[in-house]
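Data block below; observations after.
The values are calculated or read from the model by the stated rules, or taken from the named source; none is laboratory data. Just so it is clear, the model here is predicted, and its values are computed rather than measured. Cβ coordinates were reconstructed from backbone atoms using ideal geometry, including for glycine residues, and neighbour counts include every protein chain displayed. The accessibility values were calculated without ligands, DNA or RNA, using every heavy atom of the protein model including side chains. Shrake-Rupley method; radii C 1.70, N 1.55, O 1.52, S 1.80 Å.
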Amino acid sequence: MRRVESPKITEDLAISSSALITTQAVQQDLPLEIDWRNAKPFEQIPGNPSYPLIGSSYEVFTKQFDFERMHLTSKRYAERFGPICRFVFPGLPPMIQVSDPFENEKIYRADGKFPLRPIAETLKKYREEKLDAIEDLGLLITNGEDWWTIRTKVQQPMMRPQNMLKYLPIMETVSVKMVERIREVRNHNNETPDTFLNEMFKWALE
């Protein structure tokens, strides 16, 4: 199996590099085999030591953990433990970080026909209460066979570029408003305020 070496994850290029490498792998039709015979037990995934009751949550109080810049935290963990590592927090299932784009593709390919993924519980609750006006819950908040049923209905329309063209004027209007809003909130140094993330949330929701 021919393998392109993954680039070192950097602060600025973490997302773009991963996307580029994964795209190249797909375009070149590289074999992505999953050899279960060589798979190691889940307990052997590297990470900080985990203790009863607190797991590895003590790490959030160290300089290695930065809630404001989680991309840097992820980068440090990848450099420290490798491309696959885990976190254990009280009351939550273990969280796995995968920073190698090839391994990420293996994960998605191993999902099977009915993948199980985290869903937006608040959105699910809202739509369940509005089912009289909504035909189904949608792709983002369903799993299993319900997800597959919806996906088979929308896959072909969503994959046709001409079907997307009618939404461009609306999306452009929202984007132009966002650019105007950025100009309004910037200071004399062209810097956005600390609360700018809330503006991004509003833009994404609209």
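Quick notes on this one:
- Every listed requirement among (1) among the small types (Gly, Ala, Ser); (2) under 30 Å from Arg151 (Cα atoms); (3) free of Cβ contacts under 8 Å to residues at least 24 places away in the same chain is met by Ala110 save one, (3).
- When Asn198, Asn187 are screened for being at pLDDT 80 or above, in a loop (DSSP other than H, G, I, E, B) and of a type outside the set (D, E, K, R), only Asn187 passes.
- Test: residue in region 127-135 that is more than 23 Å from Leu205 (Cα to Cα) and out of contact with any strand residue (DSSP E or B) (no Cβ under 6 Å at 6 or more places or on another chain): no
- Here the helices (runs of 4 or more DSSP H) wholly within region 83-178 that include at least 3 residues being open to solvent by less than 80 Å² (accessible area, probe 1.4 Å) are 101-109, 121-129, 144-158.
- Residue count for region 46-78, restricted to those that are open to solvent by 40 Å² or more (accessible area, probe 1.4 Å) and either free of Cβ contacts under 8 Å to residues at least 40 places away in the same chain or on the phi > 0 side of the Ramachandran plot (or both): 16
- Residues located in region 180-202, provided they are among the β-branched types (Val, Ile, Thr) and either touching a residue at least 40 places away in the same chain (Cβ under 8 Å) or surrounded by 11 or more Cβ atoms within 10 Å (Cβ to Cβ) (or both): Ile182, Val185, Thr192
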